[in-house]
Amino acid sequence: MLEENKSTNIPNPENPEQLNDGEIRNPKTVAAGIPGVLAAAAHVLSEMSPVRAWQALSKLNQKDGYDCPGCAWPDPDDDRSAIAEYCENGAKAIAEEATTKKLDPAFFKRHSVSELSLLNDYEIGKKGRIAQPMYLAKGSSHYEPISWELAFEKIAVQLNALSSPDEAIFYTSGRTSNEAAFLYQLFVREFGTNNLPDCSNMCHESSGVALTESLGIGKGSVKLEDFYESELIIILGQNPGTNHPRMLSALQKAKENGAKIIAVNPLPETGLISFSDPQSVKGVLGIKSKLSDLFLQVKINEDMALLKAIIILLAEEESKNSGSVFDLDFIKDHTINAEAYLNHLQKYSLEDLSVQCGISLGQIREAAELIRPRKKIIACWAMGLTQHKNAVDTIKEVVNLLLLKGSIGKPGSGTCPVRGHSNVQGDRTMGIYEKPSASFLEKIQEVFQFNPPLKAGYDTVESINAMYEGKAKVFFAMGGNFLSATPDTQYTAEALRKCSLTVHVSTKLNRSHLIHGEEAIILPTLGRSDADVWNKQQQFISCENSMGVVQLSKGNLKPISSNLLSEPVIVCMLAKAVLGTKSKVDWDLYLQHYDHIRDSIEKTITGFENYNKRVREPGGFYLPNSSREKNFTTISGKAELNIAEPSNHKLAHGELLMMTIRSHDQFNTTIYGMNDRYRGIHNERRVIFMNEKDISQNGLEPGSVVDLISDKDGTIRQAHNFIVVPFSIPEKCTATYFPETNVLVPIGSVADKSNTPVSKSVVIRVRPAAKNTGKAD
């Protein structure tokens, strides 16, 4: 058992009322507003003094400050708020990172690894910042302090003892800066492997594959200003109120400028319904702004069926008056396969598609009518689309609609995959990818005069399998909480335990430090908010947001310990220890000043001309984006419409389809608190949201305690002691919080082409809990 279920007993200052009977209490109908301000303030002030809090928040997302370590939503190019250019969850992220609580050697001496592993993720995360490097010897029960020099030496010994560089895994979190990511991939490739899995493998990999194959670039095409010019915004499989709250301001502004919004999601999320801006007079007065004009409560993973039904109706109108609905000039000049795609639609029945997606024909017609006259359309999506077996094809179906409408490569329109971590897109730009292009490797060889490996490396799922099978023996993580972020928790835990060494570059304690290899090392690093003074000079890093803007990030807080190193410095020292004199890279040059790192990035990666000059300009600069310019760099040279069949989940009697979601009190694997006030959940995370009919048909009642079981490929996976909560969700569909139910996601259930775990469509059964063990798998 990996985790003790103590969540029902953790107090929370936001709402001390305990949920213990499955009742939803006071769910919020408006996102943000004054309640969001109060919740953020409570979190921040519980972790630091008011003075430190002001210092931290006053520079968050400012042009002369630092980038939020939370989501990747872009900052406005010019009209940033001087009061607070951040959201509630951004403030919570800073509360976590800038806390003054710290874990010194005495803490680790008092608490064994096995003792700490009994805590839940919330309790672990609240312990504080790691203040010095820590080492867990083989067979030892406690972490002990270790010097930086000895830590690097131990890592070097293990890596250099491998029979092949491919026996090492080098994982990257989306928090890693451009500078650190570039150095990291450079070191790994000079070491001799492309084993560079990252968090993108588990979230928007499907977006990257779909957009690259359809449009020639794996990034979205819109800028923030496009939202203000758009006539229609379609939001699919995304909950901006919780996962990207600052997006709500952009949506509100779009509405004020006349845009319509269609929301497509299995759950009626508060952030998709209405929003109260706490920085406006109306927001202070509690006056809400309606956001969605139409909410389509689609069944889990039936978005493609819905999109096909909408496009069929649009095609019918187009047939009555050629050119009245579709942009025929755009289709002719910039696309291929449009005719074949439209012919393909003739095989479908609107009635069948309506039943399949769970949306009435009336609502489908309403959606089509909103889309029909409009040309400036933005489509946004997140993991509600990307984490299914047919994710790539579903995203291509979204692109199909935009291409038929000519809504790519013009102001107010385009693709917008909303990334979930603040530099996950930048890390990929810097070369964190297990399948690098030939042109990128050629440039590495040209600039650095060594031959990088050509063989593709392991992605995240492949890395887990390689560790489990003994093919990989050293695991190194640049940030993140690998165990809690990945699927099939028990399997992944066993894979990590089979390693000879696991290493984590981290700011705070997390579960991945407690499920370890024979030896384990924690290397504590600076956070975004920390002032990075190196070589007697204030340094800064840079990040790329969801819309391709690269800007500087410069922390301003005094670090909680003098024994922390930045990620760029850690990589340089690691490379020197591992590669020694055989390295052809001048790591000492990069240790002089980070400007030298950016000089090398400029020489290696297109779009970074005059990097050091442009990144110092307020707001940074945009990277080139070919699809934004209607330059589609696909194999055919044109944007390609895709033909695919909708999914068809055939559930047996008693089976349900589960998707994992976040609560409003978390970001990725970081649990800020035990409440989810938008859904009315208090002091609990082990809940399963179910349709009332499914509750009855399974012989359950609201508040019943159940075990969740998945038995993919004959392997039984279980998660124990979940409270049944009736909720507005389609029949046969359920939702549970991530990462508690990652244990149910089979390692072999992945999306076609992208190999992303299918965490949003897991077939499960529910049964009354056998007994209350007090433990959870």
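The values are calculated or read from the model by the stated rules, or taken from the named source; none is laboratory data. Being a predicted model, the structure only gives us computed values, none of them experimental. Positions of Cβ are generated from backbone atoms using ideal geometry, with glycine treated the same way; all protein chains shown enter the neighbour counts. Please note that ligands, DNA and RNA were not included when accessible areas were found on the heavy atoms of the full protein model with its side chains. Shrake-Rupley method; radii C 1.70, N 1.55, O 1.52, S 1.80 Å.
Key figures
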item	result
Given (1) in a helix (DSSP H, G or I); (2) without any contact (Cβ under 8 Å) to a residue 24 or more places away in the chain; (3) farther than 24 Å from residue 416 by Cα, number of the condition residue 322 does not satisfy	(1)
Residue among 233, 261 that is in contact (Cβ under 8 Å) with a residue 12 or more places away in the chain and under 22 Å from the mean Cα position of the chain (by Cα)	233
For residue 674: the one exception among (1) of a type outside the set (Asp, Glu); (2) out of contact with any Asp or Glu (no Cβ under 8 Å at 6 or more places or on another chain); (3) more than 19 Å from residue 382 (Cβ to Cβ)	(2)
Check on residue 601, surrounded by fewer than 16 Cβ atoms within 10 Å (Cβ to Cβ) and of a type in the set (Val, Ile, Thr)	no
Residue match in segment 719-739 (condition: of a type outside the set (Asp, Glu), open to solvent by less than 50 Å² (accessible area, probe 1.4 Å) and free of Cβ contacts under 8 Å to residues at least 60 places away in the same chain)	yes
Candidates 585, 578 - the one that is under 25 Å from residue 161 (Cα atoms) and in a loop (DSSP other than H, G, I, E, B)	585
Qualifying helices (runs of 4 or more DSSP H) (wholly inside segment 155-272; at least 1 residues being of a type in the set (Gly, Ala, Ser) and open to solvent by 10 Å² or more (accessible area, probe 1.4 Å))	205-215, 247-256
Those residues of segment 492-526 which are in a loop (DSSP other than H, G, I, E, B) and either at pLDDT below 95 or under 18 Å from residue 144 (Cβ atoms) (or both), in sequence order	509, 514, 516, 517, 518
Some residue of segment 61-73 being open to solvent by less than 10 Å² (accessible area, probe 1.4 Å) and in a helix (DSSP H, G or I)	no
Residues within segment 631-650 that are in a loop (DSSP other than H, G, I, E, B), of a type in the set (Gly, Ala, Ser) and buried (at least 17 other Cβ atoms within 10 Å of the Cβ), tallied	2
Test: residue in segment 617-626 that is farther than 30 Å from residue 333 by Cβ, acidic (Asp, Glu) and buried (at least 23 other Cβ atoms within 10 Å of the Cβ)	no
Subset of segment 572-592 (residues that are open to solvent by 20 Å² or more (accessible area, probe 1.4 Å) and touching a helix residue (DSSP H, G or I) at 6+ places or on another chain (Cβ under 7 Å))	573, 576, 577, 583, 584, 589, 591
Strands (runs of 3 or more DSSP E) contained entirely in segment 682-777, each with at least 1 residues that are of a type in the set (Gly, Ala, Ser) and at pLDDT below 95	none
Residue within segment 516-527 that is open to solvent by less than 20 Å² (accessible area, probe 1.4 Å), in contact (Cβ under 8 Å) with a residue 40 or more places away in the chain and closer than 23 Å to residue 441 by Cβ present	no
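Here's the yes/no breakdown for (1) open to solvent by 20 Å² or more (accessible area, probe 1.4 Å); (2) at pLDDT 85 or above; (3) within 30 Å of residue 247 (Cα to Cα):
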{"site": "87", "(1), (2), (3)": "yes, no, yes"}
{"site": "101", "(1), (2), (3)": "yes, yes, no"}
{"site": "106", "(1), (2), (3)": "yes, yes, no"}
{"site": "116", "(1), (2), (3)": "no, yes, no"}
{"site": "125", "(1), (2), (3)": "no, yes, yes"}
